[in-house]
Amino acid sequence: MIWESFVLDRGLIENSAGQRLAGSPVTVRRVESHCEAKQFIAVPWQIYGDDPCWRPTLRRVMRAKMDSKHNPLHREVQIENFVAYRGGSPVGRISASIDSAYVQRYGDCAFFGFFESDDDEEVAGALLGAAEQWAARRDITKIVGPFSYTSREEVGLLISGYDRPPAVMQPYNPRYYPRLLEAAGYRKKFDTASYRWQLDGSQEVRQRLLKRADAVMRDQGVTVRSVRMRDYAAELEVLRGLYNDSFAHHPENVPLSREVFSGMAAEMRPLIDPNIVRIVESGGNPVGFLLMLPDVNEIAGRSGRLTPALLARLAARRDGRIRGIGTAVVVLIGAVQTQFGAGIGRILAGEIVRTITGSGYSSVATTWVHEDNVWSNSLTAQMKTDPEKIHRVYQKAL
């Protein structure tokens, strides 16, 4: 079997023996074997060491993402994974991908993602060079990232907010990563913000949000309900339709297919607390939604495995609650386009307050809010809090 191995600053190709060329301290190989996939998954543990804020993706989740036979995303997106080696030992990793739906909407572009590297410009440059060469050989002229395969998953490099662990689905990385990317010629494409709101915050703000939400619901004749777990498949289609409609003009977004959304939902299902998922209806038709997940990062260990203790907590959940988790994370939130300006955002802001107040959570965190997303930024402004973390997406012309 032949694989490509990229050599720093030379763009040369090695043969299947993986022989390193003289004077080339770092090599990058495409992941093809089971062993190489395990090395790709394991790289973060040697990068982060004892960093108390790092929270790993479960190994089984990462394996499922990489599995082209079982992850439907691989049928819609071209994906390649690479591992960097020095002296035969893994020292970094990166993915490269091309989402045809994104290209159709936004133009000629590839993504890099799952970027991990020692604090070494040689390693980072070799990894980024491998992704760039992979994209260039496919006639791509620009690369953007980090995107975890697509723009619909974890997005961005942390540039501010290193003082506390990330919530679930919030990227985290060492402080030196932005410097490595900039040294390789990458520049800012856009920033995103993540927020945290404490239940014990301003009582005045909480009451104002609830009052505004109730007024809109009364005036518009709108109702709100929880997700029906007994009709999970049907509810998924409702949520997918709401997502695709409400995010139709969202920066960096492309529509989700039934297969990909089902795959993402299957990954989330063990965590879903139906008490913190809301669907807004007008005249019996769904017009808005709020999908929050318990922040499993608060109880997950650093092994990256489903430990007996974690499994016990998942099995012992009561009324959707997982013991030991105090934060609900807003993963997706939106309103259909026909309802823009109708006050659905006020209803959803009120539902955030109402759901965590009545469900036993003490705080709410968000994933990422694009700096150009007017609707979401207006919604977060209602919460009267500053961003907790800032992430940056970079780009480079090829």
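The values are calculated or read from the model by the stated rules, or taken from the named source; none is laboratory data. Worth saying up front: this structure is predicted, and the values here are computed from it rather than measured. Positions of Cβ are backbone-derived with ideal geometry, glycine not excepted, and every protein chain shown enters the neighbour counts.
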Please find, among 162, 232, 172, the residue that is over 23 Å from residue 375 (Cα atoms) and buried (at least 19 other Cβ atoms within 10 Å of the Cβ). 172
In the range 246-262, how many are part of a helix (DSSP H, G or I) and surrounded by fewer than 19 Cβ atoms within 10 Å (Cβ to Cβ)? 3
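Criterion first (closer than 22 Å to residue 158 by Cα and either outside the structural domain of residue 177 (by TED's automatic domain parsing) or hydroxyl-bearing (Ser, Thr, Tyr) (or both)) does residue 100 satisfy it? Give the steps one after another, and end with the answer.
Details: closer than 22 Å to residue 158 by Cα: no; either outside the structural domain of residue 177 (by TED's automatic domain parsing) or hydroxyl-bearing (Ser, Thr, Tyr) (or both): yes.
No, not satisfied.
State whether one or more residues within the range 26-47 are at pLDDT below 90, in a loop (DSSP other than H, G, I, E, B) and of a type outside the set (Asp, Glu).
No, the range 26-47 contains no residue that is at pLDDT below 90, in a loop (DSSP other than H, G, I, E, B) and of a type outside the set (Asp, Glu).
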In the range 355-386, anything surrounded by fewer than 18 Cβ atoms within 10 Å (Cβ to Cβ) and assigned to a helix (DSSP H, G or I) is listed as 357, 358, 359, 374, 377, 378, 381
Return the total of residues in the range 194-237 being under 30 Å from residue 158 (Cβ atoms) and of a type in the set (Phe, Trp, Tyr). 2
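Condition check ((1) without any contact (Cβ under 8 Å) to a residue 24 or more places away in the chain; (2) surrounded by fewer than 23 Cβ atoms within 10 Å (Cβ to Cβ); (3) touching a helix residue (DSSP H, G or I) at 6+ places or on another chain (Cβ under 9 Å)) across all residues:
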| residue | (1), (2), (3) |
| --- | --- |
| 281 | no, yes, no |
| 285 | yes, yes, no |
| 289 | no, no, yes |
| 301 | yes, yes, yes |
| 308 | yes, yes, no |
| 315 | yes, yes, no |
| 318 | yes, yes, no |
| 325 | no, no, yes |
| 328 | no, no, yes |
Is there a residue in the range 80-92 that is in contact with a Leu (Cβ under 6 Å, 6 or more places away or on another chain) and in contact (Cβ under 8 Å) with a residue 24 or more places away in the chain? yes
Quick check: is even one residue across the range 191-203 at pLDDT 90 or above and part of a loop (DSSP other than H, G, I, E, B)? yes
Could you list, ordered by first residue, the pairs with Cβ atoms under 7 Å in which the first is in the range 98-115 and without any contact (Cβ under 8 Å) to a residue 12 or more places away in the chain and the second is part of a loop (DSSP other than H, G, I, E, B), at least 6 apart or interchain? 103/109
